[in-house]
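Here's the structure we're looking at; comments come further down.
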Amino acid sequence: MSTTLKAVRGTRDLLPPETALWERVERIAREVFARYNFGEIRTPVFEDTQLFARGVGEETDIVAKEMYTWEDRARAQSEKAQSLTLRPENTAGVVRAYIEHKLGDSGLLQKLYYIGPQFRRERPQKGRYRQFYQIGAEIIGPPSSGSESPLRDAEVLEMLATLLDELGIKGWTLTLNSVGSSSDRPRYIAALKEALAPVKDKMCVDCQRRAETNPLRVLDCKHPEDQPIIETLPRIADYLDEASRTHFAQVLAGLDACGVKYTVNPRLVRGLDYYTRTTFEFTVETGLGTQNALLGGGRYDGLSEMLGGPKAPGIGFAIGEDRLILILQAQAGDAAAPKADAYIAPIGEAQNAYALALARELRRAGLTIETGDGSARLKKSFETADKLARNIVLVGEDEAQSGILTVKNFAAGEQTKIPRAELASALKVS
Ligand code: HAM
């Protein structure tokens, strides 16, 4: 006997009725993005491995441990073998596309959004998957387009507050920080290294390595034993130059002007290397434990140049759609599955064709219709209809001949006779 195959660990099937919620979330996101004049970008699901190594950073957990990478063999002599990677995030791909298509040449800001799967080989648990979905957006352009303006940061954050409110997410918290510009960073990293040197041996093995290779990542450490040491380390806020400090103050002033609430957390560094200046996270307390980061983002003023492109400052975010759905489900309780408007039950197989034609007519009028089969017993048809639809429409010989149909509305418990011509409008309101 052959073993049954299952979805790979960390991946899952999304099934109805849950997919209706995914569709609703994506519809609202697209509507909100449209109001802020964003257009959709769809980049490939796999890219050259170098893109992520250079963009996200060799020393990040994502690149060091979590990528799905393979050597793509050449199929012809003219081709070279190439190392490819399933995208672990979408910002690097968007910036690659920005450079490749010379989108900066227009001199205008590019406002792009995406919805799609991302892949990271993490330890799976509730809210953390190996294939997960992100809804994200990026604003990028040459400095002359205003891409560096703190107004962009404030506008992105205000848009997120609006989106979460319109989705019905309750109790979110926005936390933000400035991680400084590319000139502030080396001074801060030098100070961190110096402060870590005498204490790093008391920290976890990951921090011991990070203290050497990428000290900023130490601030991200989740080990409880390391926290008292992390508390004593220098703070980035004290190393920001005048320009970065003013930029951050203007972002906060923008949020204040719109009434968007926030908390500044000087330890927020985030797990990707491309960030400069503003970084942020939105969290929601859900009982998901450490997986309460609903979305994250920030500025990446040097990313385009890191990828060989022109100077093109940018800012963006990505929402974890899987987590968003979990939060909505937890906050709404188990919502009832949506029901069809009517179930058409032919009585006797001779009525099947009539039932099909009637279903076509009602569906064309915009109704959601299920159809049964004339061989079913009437009792069974009623039971199935009650599970799937709000009404049952009976099509017996009499009904087919007279064109007057028998309709039962389950909520009202009433049976009525309705002429075929009036059926669509009657079912719409019942
Ligand atoms: P990130 O913080 O790595 O940022 O991911 C953003 C969000 O994706 C997280 O807050 C989380 O909700 C979700 N997420 C990440 N990993 C998983 C997982 N394994 N399972 C489920 N959800 C997950 C980025 O990806 C950046 N590209 C965001 C960005 C855009 N920054 C600037 N522009």
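The values are calculated or read from the model by the stated rules, or taken from the named source; none is laboratory data. Here the structure is a predicted model, which is why all the values come from computation and not from measurement. Reconstructed Cβ throughout: ideal geometry from the backbone, glycine too, with neighbour counts over all protein chains shown. Protein only, heavy atoms only, side chains kept; ligands, DNA and RNA dropped before computing areas. Shrake-Rupley method; radii C 1.70, N 1.55, O 1.52, S 1.80 Å.
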Could you say which residue among Leu84, Leu112 is of a type in the set (A, V, I, L, M, F, W, C) and surrounded by fewer than 21 Cβ atoms within 10 Å (Cβ to Cβ)? Leu84
On the given criteria, is Phe33 open to solvent by less than 20 Å² (accessible area, probe 1.4 Å), touching a Pro at 6+ places or on another chain (Cβ under 9 Å) and either at pLDDT 95 or above or not in a helix (DSSP H, G or I) (or both)? no
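Residues checked against (1) of a type in the set (Asp, Glu); (2) in contact with a Ser or Thr (Cβ under 7 Å, 6 or more places away or on another chain); (3) at pLDDT 95 or above; (4) under 27 Å from Ile319 (Cα atoms):
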| residue | (1), (2), (3), (4) |
| --- | --- |
| Leu163 | no, no, yes, yes |
| Leu252 | no, no, yes, yes |
| Asp256 | yes, no, yes, yes |
| Val260 | no, no, yes, yes |
| Thr263 | no, yes, yes, yes |
| Arg267 | no, no, no, yes |
| Leu272 | no, yes, no, yes |
Quick test for you: out of Ala318, Ala337, Ala312, pick the one residue that is in a loop (DSSP other than H, G, I, E, B), within 26 Å of Glu158 (Cα to Cα) and not polar (S, T, N, Q). Ala312
Among Thr213, Thr173, Thr162, the single one that is out of contact with any Cys (no Cβ under 9 Å at 6 or more places or on another chain) and within 21 Å of Phe248 (Cβ to Cβ) is Thr173
Go through the stretch 404-416 and give me each residue that's over 18 Å from Arg377 (Cα atoms), surrounded by 12 or more Cβ atoms within 10 Å (Cβ to Cβ) and more than 44 Å from the chain's Cα centre (by Cα). Ile404, Leu405, Thr416
Mind telling me which of the residues Val156, Val95 ends up being within 12 Å of the ligand (Cβ to nearest atom), open to solvent by less than 40 Å² (accessible area, probe 1.4 Å) and in contact with a helix residue (DSSP H, G or I) (Cβ under 8 Å, 6 or more places away or on another chain)? Val95
Index of the failed condition, Leu15 passing every other in (1) among the aliphatic types (A, V, I, L, M); (2) open to solvent by 90 Å² or more (accessible area, probe 1.4 Å); (3) touching a Leu at 6+ places or on another chain (Cβ under 8 Å): (3)
Considering only the stretch 216-273, state which residues are assigned to a strand (DSSP E or B) and either within 16 Å of Ile189 (Cα to Cα) or out of contact with any helix residue (DSSP H, G or I) (no Cβ under 9 Å at 6 or more places or on another chain) (or both). Thr263
